[in-house]
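The structure under discussion appears below in the form of C-alpha cells.
The values are calculated or read from the model by the stated rules, or taken from the named source; none is laboratory data. Not measured: the values here are computed from a predicted model. Quick reminder, even Gly has a Cβ in these numbers, built from the backbone with ideal geometry, and neighbours come from all protein chains shown.
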Amino acid sequence: MSQPRDVIIVGAGPAGMGIAALLRRSAVQDILVMDSHEVGASFMRWPEETRLITPSFFSNPFGQPDLNTVTPDSSLALFCGEEHAGGKAYASYLNAVREAYQIPVLAPARVVKVALLSSGHFRLTTETGEQFETRVLIWATGEFQFPDRHIFPGAEMCCHYADVSSWKDYGKGEYLVIGGYESAVDAAVNLLENGASVKMLTRSAPWSSSHISDPSVSLSPYTRERLNNAMHHPQFAIYEDADVCKVISTPGAGSAYEVHTTNGSVWTTDQVPILATGFQCGGGATQLSAFFEWNDDGYPVLTDQDSSTLFPGLYLVGPHVRHAGNIYCFIYKFRQRFPVVAESITRHLGLSSEGLRDWWALPPEPDCCAGDSCAC
Ligand SMILES: Cc1cc2nc3c(=O)[nH]c(=O)nc-3n(C[C@H](O)[C@H](O)[C@H](O)COP(=O)(O)OP(=O)(O)OC[C@H]3O[C@@H](n4cnc5c(N)ncnc54)[C@H](O)[C@@H]3O)c2cc1C
C-alpha cells in the first residue's frame, strides 16, 4: 500500500470533480479521484436523447455562474453551445474541468470496501484488490447508478429508466410508463416521438404542485413545457391516482404483463413496462451505510460541514445532502456546499483555508428550496 493521501474522492461526477477543482485551488495538493468507470460515467450512461433540464447560460461575468457548471469560471453553455446539453456533452465538460485543474483521476477503480484504521485514516480496497490509504475521504457516488428496482413486487421485470441507452431502441407499440416526475415525462415524450402509444401511470400530479418554485419537488419548467406540448397527443394518456403496487408476467395470456394499482385497476401490455420511479433512497451513500447515521427519511445525517456524524474525516457531497429541509439534488444546489466542505477539510488537515469561500462568492443559502421529498 502506498503512502496515505491527504484526500481521496470517490466518484468522478459533477460532485466529485467540482470539489476536486476547488481543492486544487487550496493548500491541499495531494488528492486523488477514483471512479468505477470514467469521468462523467453516469452522464455517459444517460439515454441518448436525455437533456439537462436546468438551462445553461453564460451569465458568469455578472456574478451568476452558469447553473450547470462545477467551477465558477466555466460555462456549459460556452463549452457545448447548447442550452440543454445531453449526457455525453456534460461528460466532456467534466473532462475539460479535469484537464484545466489537472485533477488526478484513477479509473476504472471501483471501491468495494472502506475500513477505518486505528490512525483515523481510511483504507480503500478496489475490486481488483488495490489498496489506498487516505486521511480524508469524500464520498461522491451520486444516485444514477443505483436505480430502485424493487419499489414494488415485479418491479425487477420492468425496464428501469437508467437501463435505456436510446429510446430509438423501443418500437411503436403501446407502453405503460410508471411514474410522474422528470424521468417519466422524458420517457413518455421520447416514446411518443418514436410513434409509440403511451399510458403514464402516476400516483400524483407533480405538474399541479403548489411548490412550483423548487424543481426538487415539482416539475421543472423545461419538463412542464414538454408535457404541455404532449398533453393533447392522441396517443398519450395520463392516469392520476394510479399507485402501482405490483407487476405480473402473464406469458400465454392475452398480453405479456399485468400492471396492478392499489385501487384495484389492472392494465395489460405486451411491451415491458417502463419504470421511471427513481433511484434508491440514499443512492451511492448506501455503499457506506455503516459509516453514516441515517434519518427516518433514508438520508445520511451530516454535520453542518457535511461530514459524517460518526467519522469526522468522511464527507458527503452531491444530491443526497440535506440540511434543514433543503434538498441539494441539483448541481446548482449541491455546488453551494463545496466551499463549506473544502474549508472544513483544510482545517481537518491543519492547512490554511484562506480564500476558499471567495472563489464561488456565494450568497447565503436560499430558503426557497425547502421541502421533504426529491423529485429529480
Ligand atoms: C435524467 C436526469 C436528468 C437530470 N437533469 C439534471 C439537470 O438538468 N440539472 C441538474 O442539476 N441535475 C440534473 N440531474 C441530477 C444530476 O444529474 C445529479 O444530481 C448529479 O449527476 C449528481 O452528481 P454526482 O457527482 O453526485 O453523481 P454521478 O454523476 O452519478 O457520479 C457519481 C460517480 O461515482 C461513481 N461511483 C459510484 N460508486 C462508486 C464506487 N463504489 N467506486 C468508485 N466509483 C463509484 C460512478 O461511476 C459515477 O461516475 C438529472 C438526473 C437525471 C437522472
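Just a few scattered comments:
- Of everything in region 105-116 that is surrounded by fewer than 15 Cβ atoms within 10 Å (Cβ to Cβ), more than 9 Å from the ligand (Cβ to nearest atom) and not basic (K, R), the residue that is nearest to T128 (Cα to Cα) is L106.
- Filter pass, G278 being touching a residue at least 12 places away in the same chain (Cβ under 8 Å), among the small types (G, A, S) and within 15 Å of the ligand (Cβ to nearest atom): yes
- Entry remark, region 51-64: residues being under 22 Å from G16 (Cα atoms) and at pLDDT 95 or above number 6 in total.
- Single residue of region 146-179 satisfying the filter (under 20 Å from E258 (Cβ atoms) and buried (at least 21 other Cβ atoms within 10 Å of the Cβ)) that is farthest from the ligand (Cβ to nearest atom): L176
- Leading residue by the ranking (farthest from V341 (Cα to Cα)) among those in region 1-22 that are outside any strand (DSSP E or B) and more than 15 Å from the ligand (Cβ to nearest atom): M1
- Screening I238 against (1) outside any loop (DSSP other than H, G, I, E, B); (2) under 22 Å from E156 (Cβ atoms) leaves a single unmet condition, (2).
- Annotation: of all residues in region 296-337 being crowded, with 23+ Cβ neighbours inside 10 Å and among the basic types (K, R), the one that is nearest to the ligand (Cβ to nearest atom) is R335.
- Counted residues, region 23-52 - those being more than 12 Å from the ligand (Cβ to nearest atom), in contact with a strand residue (DSSP E or B) (Cβ under 8 Å, 6 or more places away or on another chain) and of a type in the set (S, T, Y): 0
- Counting only helices (runs of 4 or more DSSP H) wholly contained in region 264-371, the ones carrying 3 or more residues that are at pLDDT below 90 occupy 356-360.
- Test for N95: is it without any contact (Cβ under 8 Å) to a residue 60 or more places away in the chain, away from the ligand (no atom under 13 Å from the Cβ) and within 27 Å of P339 (Cβ to Cβ): no
- Filtered by the rule that a residue be away from the ligand (no atom under 15 Å from the Cβ) and either under 19 Å from the mean Cα position of the chain (by Cα) or of a type in the set (D, E, K, R) (or both), region 117-145 gives E133, R135.
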